[in-house]
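Remarks on the structure that follows.
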Amino acid sequence: MTPLADSPCGDNVGLMDMDELIRNLLELQTLEFSAAQADNAAALIAELRGKIPPQILAHYDRLRVRGKKGLAAVRNQVCTGCHMRLTLGVIMTLKHGEDIQLCDNCGRYLYLTPETAPLPAAEPAPAKRARKTNRSKKTSNA
């Protein structure tokens, strides 16, 4: 449980698990932006909206009214909503799960995606030794 006292939304939202909050917002966004609405989608949307703090939901709704998604993934330290590079402080706050973060450029809530595992590096070839040249310097007499 992490306090949201210094959240970008302003007011103290109370104690809430950041991962759970982001999951709820992401699921809400997926349901609201999906073309085919299921029969129980309205009930599920209402349930998810009840779990999200009002300040965060209000900001999300302002973006949604403009036709924008309220959440954007962070890949390679870049917001996928506006393709702008994020500061290291924002990235570290997201990694530690201390607080919810907004993109400074587009205003979307940010979340980290599981990074793809780096491919195992091939064993480097042995370094070549530099060859010495036996050339002597030519000096010109003027």
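FYI, it's all coordinate maths here, none of it is from the lab. In this text, all values refer to a predicted model and were calculated from it rather than measured experimentally. Reconstructed Cβ throughout: ideal geometry from the backbone, glycine too, with neighbour counts over all protein chains shown.
Stretched out straight at 0.36 nm per residue, the stretch from K68 to N105 would grow longer than its current Cα-Cα span by 12.0 nm. For the stretch 14-112, pairs of C-alpha atoms spaced more than 18 angstrom apart make up 47 percent of the total. R0 = 25 Å: FRET efficiency of D17 with M92, Cβ-based, nearest 0.05? For R0 = 25 Å, the calculated efficiency reads 0.85.
Coupling constants for the stretch 107-114 follow from the phi torsions by the Karplus curve (6.51 cos²θ - 1.76 cosθ + 1.60, θ = phi - 60°), and in residue order they are x, 7, 6, 9, 9, 8, 9, x Hz; glycine and proline get x.
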